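Q: Input: one structure, supplied below.
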Amino acid sequence: MPCQWPIFAENQHMSPSDFIPGGPPEVLPESGTLSWQAPSNIALVKYWGKKQGQLPMNPSVSFTLDACATRTEVRYKKVGGASAPPSFEIAFEGRPAPHFRKKIDVFFERILPYQPFLSGYAFEIDTENTFPHSSGIASSASGMAALALCLMDLEHALYPGLDPQYVARKASFLARLGSGSASRSTGGSLVHWGAHGSVPGSSDLFGIDFPLELDPVFRTFQDTILLVDKGQKQVSSTAGHGLMQDHPYAKARFGQGRNRIDGLIPIFREGDLQAFVAMVESEALTLHAMMMTSQPYYILMKPATLQIILRIWEFRRTEGAPVCFTLDAGANVHVLYPASSREKVVPFIADALLPFCEDGQQISDQVGAGPVRLKGD
Ligand code: DP6
């Protein structure tokens, strides 16, 4: 008997157990190939601090990027019975990548209760990024999202009657178990993650396409990523999240994150770029303020990060263009501006900001449309 899958109403509260299959699949394929490209994302309201089970302390929202993405191919083969845990080999840009092993081991362990049919399979995972490996750009969001989308395709093949909304939510749910921000890399151009009373359908368990009115200007946003420091970060994001646990400002910060989502709703609706700029920059500086006031404290910005920020402020003051910066957990600067300001901003970046980048490197990106299936059988 094929198991029955619930179709969830828009606002229905979901729990992790809703993502456990109702019964074993009728047929398990012997082998196959799955492949997805998933985008990176840049948070406007930041996820910084989490609870047990990879759940966020406050909701976050991000632009999905277009050019920065991970492409992953997963080949699977049935090699054992239902009691054998899934096994895998991982290659990055065509070479064995043992340094990814631990993260993917943990990922499989976390998702197995929700995809028990993975047992008995051996996986060969081939992954590559569209952006330079040594750019200092984290690939965990796009990487975990691409892998989750592949495994969700396998689930969809085993349970063909799945509701498309359930498939979308579960892809994000699985990605989240790999890396929190990955839950925002399985959807469209603006993705919200985290339960919030003003955002219908929102949940701590998965990201959703921002469901409220969005002025079209936000779909045109450009993100020029200035590569200030291409080295390995001295404190990982996961460790940084951990330091929010006993952080003296944690409670205020989590409340602020929630309030900022409320603040963004009218900004998004009305296309209020002045308010957008103020909110996005304050959010970036708050993230780094949390790092600087953690115990132990640390600084991920470099002198060049500050030089760039000061020049953006000066440019905005003199030119009045709606250009702003945001930062993730590193020294690189994301310069955000609507496409209509490109003519003014692009030369400014080239003349005034690029000299501060390592080897004068930048990545020109923009708001993208979400992940793409590359292959599947
Ligand atoms: C600063 O998602 O990388 O980019 O859940 O531990 O994998 P883990 O952390 P991660 O944290 C991202 C933090 C951030 C802000 C954001 O993307 O919201």
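The values are calculated or read from the model by the stated rules, or taken from the named source; none is laboratory data. Predicted model only: the values in this text are computed from it and were never measured. When we count neighbours, we look across all protein chains shown, and the Cβ atoms used for this are built from the backbone with ideal geometry, even at glycine. These area figures cover heavy atoms from the full protein model, side chains too; ligands, DNA and RNA do not enter into them. Shrake-Rupley method; radii C 1.70, N 1.55, O 1.52, S 1.80 Å.
Q: For Ser340 and Gln307 in the same chain, what is the full-extension length gain: residue separation times 0.36 nm, less their Cα-Cα distance, in nm?
A: 9.4 nm
Q: Once R0 is set to 45 Å, what does the formula 1/(1 + (r/R0)^6) return for the Cβ-Cβ distance between Gln232 and Glu26, expressed as a FRET efficiency to the nearest 0.05? Mind showing how you got there, number by number?
A: Details: r = 46 Å, r/R0 = 1.03.
Calculated value: 0.45.
Q: Hey, can you find the accessible area per residue of the chain for me, probe 1.4 Å, expressed in square angstrom?
A: 43 Å²
Q: From the phi angles alone, apply the Karplus equation (6.51, -1.76, 1.60; θ = phi - 60°) to the range 237-254 and give each ³J(HN,Hα) in whole Hz, x where the residue is Gly or Pro.
A: 4, 4, 5, x, 4, x, 6, 6, 4, 10, 6, x, 9, 3, 4, 5, 5, 5
Q: Quick one: if the Förster radius is 45 Å, what FRET efficiency do Arg269 and Val79 give, using the C-beta to C-beta distance and rounding to 0.05?
A: 0.30
Q: Ok, one more. Rounded to whole Å, give me the distance from the Cα center of the range 34-64 to that of the range 142-210.
A: Using only Cα atoms to place each centre, the spacing works out to 10 Å.
Q: May I ask you to derive the relative contact order of the range 218-297, considering only C-alpha pairs under 8 Å and at least 6 residues apart, and to give it as an integer percent? Could you put the intermediate results ahead of the total?
A: On the way: 22 pairs, mean separation 32.8, N = 80.
It comes to 41 percent, rounded to a whole number.
Q: Scanning the chain for GluC sites (Glu not before Pro) in DSSP loops with at most 14 other Cβ atoms within 10 Å, what's the longest stretch left with none? All intermediate terms of the calculation are to be shown ahead of the outcome.
A: Working: sites that count: Glu10, Glu26, Glu30, Glu93, Glu213.
Within the chain, the longest run free of exposed GluC sites (Glu not before Pro) spans 214-377.
Q: OK, next. So what does the Cα-only Debye profile of the chain read at q = 0.06 Å⁻¹, as log10 I(q)/I(0), no solvent term?
A: The calculated log intensity ratios at q = 0.06 Å⁻¹ are -0.22.
Q: When the C-alpha atoms of the range 96-187 are aligned to their principal axes, what extent does each axis show, in angstrom, from largest down?
A: 42, 29, 19
Q: Cross-link list Lys46/Lys103; Lys51/Lys77; Lys103/Lys302; Lys51/Lys375; Lys51/Lys251: which exceed 25 angstrom alpha carbon to alpha carbon?
A: The pairs that break the limit, which is 25 Å between Cα atoms, are Lys51/Lys77; Lys103/Lys302; Lys51/Lys375.
Q: Based solely on C-alpha atoms, express the radius of gyration and the Dmax of the range 212-295 in angstrom.
A: 15.5, 42
Q: Please figure out what share of the DSSP beta bridges in the chain is antiparallel and state it in percent, rounded to the nearest 5.
A: Bridges in the chain are about 90 percent antiparallel.
Q: Further, regarding this structure: Nearest 10 degrees is fine. How inclined is helix 273-292 to the longest principal axis of the chain, computing both from alpha carbons?
A: Result, in degrees: 70.
Q: Further, regarding this structure: Find the relative contact order for the range 1-133 and round it to a whole percent, using C-alpha pairs within less than 8 Å whose residues are 6+ positions apart. Working shown, then result.
A: Numbers: 200 pairs, mean separation 36.0, N = 133.
With pairs under 8 Å counted, the relative contact order is 27 percent.
Q: Also, quick follow-up: What are the ³J(HN,Hα) couplings of the range 200-207, residue after residue, when phi is run through the Karplus curve with 6.51, -1.76, 1.60 and θ = phi - 60°? Round to Hz, x for glycine and proline.
A: x, x, 6, 8, 6, 7, 7, x
Q: Pop a pseudo-label 7 angstrom from the Cα along the beta-carbon direction at both Thr33 and Arg373 and give the gap in nm to one decimal.
A: Here the answer is 1.6 nm between the modelled labels.
Q: Calculated FRET efficiency, Gln295 and Ser17, Cβ-Cβ r, R0 22 Å, to nearest 0.05?
A: 0.05
Q: Using only Cα atoms and rounding to the nearest 10 degrees, what angle (0 to 90) does helix 140-158 make with the longest principal axis of the chain?
A: For 140-158 against the chain, the angle is about 30 degrees.
Q: Net charge within 10 Å of Leu374 by Cβ-Cβ distance, Lys/Arg positive one each and Asp/Glu negative one each, not counting Leu374 itself? Kindly include the intermediate steps, with their values, before the conclusion.
A: Values: positive: Arg71, Arg373, Lys375; negative: Glu73.
Once all neighbours under 10 Å are counted, the net charge is +2.
Q: Let me ask something else about it. First select every other residue whose beta carbon is under 11 angstrom from the beta carbon of Gln115; then total the charges, Lys and Arg +1, Asp and Glu -1.
A: Overall, the nearby charge balance is +1.
Q: While we're here: Considering only the other residues whose Cβ falls under 9 Å of the Cβ of Glu30, what net charge follows from Lys and Arg at +1 and Asp and Glu at -1?
A: Details: positive: Lys77, Lys78; negative: none.
That sum, taken over residues with Cβ under 9 Å, equals +2.
Q: Based solely on its DSSP helices, what 222 nm [θ] is calculated for the chain when runs of n ≥ 4 H residues each add -39,500 (n - 2.57) and the sum is averaged over all residues, nearest 500 deg cm²/dmol?
A: -10000 deg cm²/dmol
Q: Under 8 Å for C-alpha pairs, at least 6 residues apart: give me the relative contact order for the chain, rounded to a whole percent.
A: Reported relative contact order: 24 percent.
Q: Roughly speaking, to the nearest percent, how much of the range 283-377's 1.4 Å accessible area is carbon and sulfur?
A: The computed percentage sits at 55.
Q: Angle, helix 101-111 long axis vs. longest principal axis of the chain, Cα atoms, 0 to 90°, nearest 10?
A: 60 degrees
Q: Given H placed 1.01 Å from N in the peptide plane, which residues other than close sequence neighbours of Lys77 have an amide H under 5 Å from its amide H?
A: Ala122
Q: Same structure, new question: If you take the square roots of the eigenvalues of the alpha-carbon gyration tensor of the range 11-144 and sort them as a ≥ b ≥ c, do you get rounded (a/c under 1.5), prolate (a/b over b/c) or oblate?
A: Oblate.
Q: Follow-up. Long-range amide H contacts for Gly271: which residues qualify at under 5 Å (H placed 1.01 Å from N, peptide plane, sequence gap of 5 or more or a different chain)?
A: Asp215
Q: To the nearest 10 square angstrom, how much accessible area does Arg316 have with a 1.4 angstrom probe?
A: Estimated to the nearest 10 Å², Arg316 gives 60 Å².
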